[in-house]
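To keep things clear, I will list the structure first and then write my remarks on it.
The values are calculated or read from the model by the stated rules, or taken from the named source; none is laboratory data. This structure is a prediction, so every number in the text was calculated from the model and none was measured. All Cβ positions, glycine included, derive from the backbone under ideal geometry; neighbour counts span all protein chains shown. Please note that ligands, DNA and RNA were not included when accessible areas were found on the heavy atoms of the full protein model with its side chains. Shrake-Rupley method; radii C 1.70, N 1.55, O 1.52, S 1.80 Å.
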Amino acid sequence: MPEIQKHPIPAGEVTYITLTNDSGARVVLSSLGAGIVSVEVPDAAGRMADVVVGYRDPADYMADGPCAGKCPGRYANRIACGHLEIDGTVHQLAINNGPNALHGGPTGFQNRIWKVAEVSDNKVVFAYTSADG
């Protein structure tokens with residue numbers, strides 16, 4: 001059965017879920033941004049090693065510039081000068097990367113705590129409903 005841990009951070013409570021297969025390989029997933037925190041797999045000699053670059057403190061994943069291991073949104077990458085035009089209407093977005101809007105801005109999906117919708121021995125499903133606008 002998966003291991004489940006709760007971690008309080010300033011934005012709320014983040015859930016870490018660890019899945020381990022029969023050979024001992026492990027993945028740690030986070031409800032913050034539906035993220036991947038750690039993947040431990042054996043090397044050629046069978047020694048387990050974490051192959052994911054990440055942070056020790058769960059709170060450090062909040063509003064990190066690289067969006068480490070998380071699902072960005074509503075958009076990924078940069079929108080120049082933080083504005084775009086749709087059907088003749090210019091929309092101004094939050095600026096969070098020099099003069100640009102990056103990965104959904106400071107309140108993007110990567111900085112939201114997602115619902116843990118399903119957990120089994122070999123699967124985790126995260127869900128997040130984004131309000132219109």
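Label reach from residue 3 (point 7 Å along Cα→C-beta): in the stretch 30-66, amide nitrogens under 19 Å belong to 30-32, 35-43, 47-59. For the stretch 61-133, the relative contact order is 27 percent, taking Cα pairs closer than 8 Å that sit 6 or more residues apart in sequence and dividing their mean separation by the residue count. Annotation: Cα Rg of the chain relative to the compact-globule expectation 2.2 N^0.38 Å equals 1.22.
When only Cα pairs below 8 angstrom with a gap of at least 6 residues are kept, the chain shows a relative contact order of 21 percent. Residue ranges 108-120, 30-42 sort as 30-42, 108-120 when ordered by packing (mean number of other C-beta atoms within 10 Å per residue, highest first).
Cβ-Cβ distance of residue 51 and residue 125, R₀ of 22 Å, FRET efficiency by 1/(1 + (r/R0)^6): the value works out to about 0.40. Packing, taken as the mean count of other beta carbons within 10 Å per residue, orders the peptides 123-131, 57-65, 74-82 from highest to lowest as 57-65, 74-82, 123-131. The residues of the stretch 1-97 expose, per residue, 62 Å² of accessible area to a 1.4 Å probe. Ranked by the mean number of other Cβ atoms within 10 Å of their residues, highest first, the peptides 86-92, 8-14 come out as 8-14, 86-92. For residue 94, neighbours were defined as the other residues whose beta-carbon sits under 13 Å from its Cβ, and their charges (Lys and Arg +1, Asp and Glu -1) total +2. Here the stretch 28-111 has 57 percent of its accessible surface on carbon and sulfur atoms, given a 1.4 Å probe and all protein chains in place. Between residue 118 and residue 94, the C-beta separation translates, for a Förster distance of 22 Å, into a calculated FRET efficiency of about 0.10.
For a straight C-alpha distance cut-off of 19 angstrom, the aspartates and glutamates reachable from residue 6 (same-chain residues fewer than eight places away being disregarded) are 57, 60, 118, 121.
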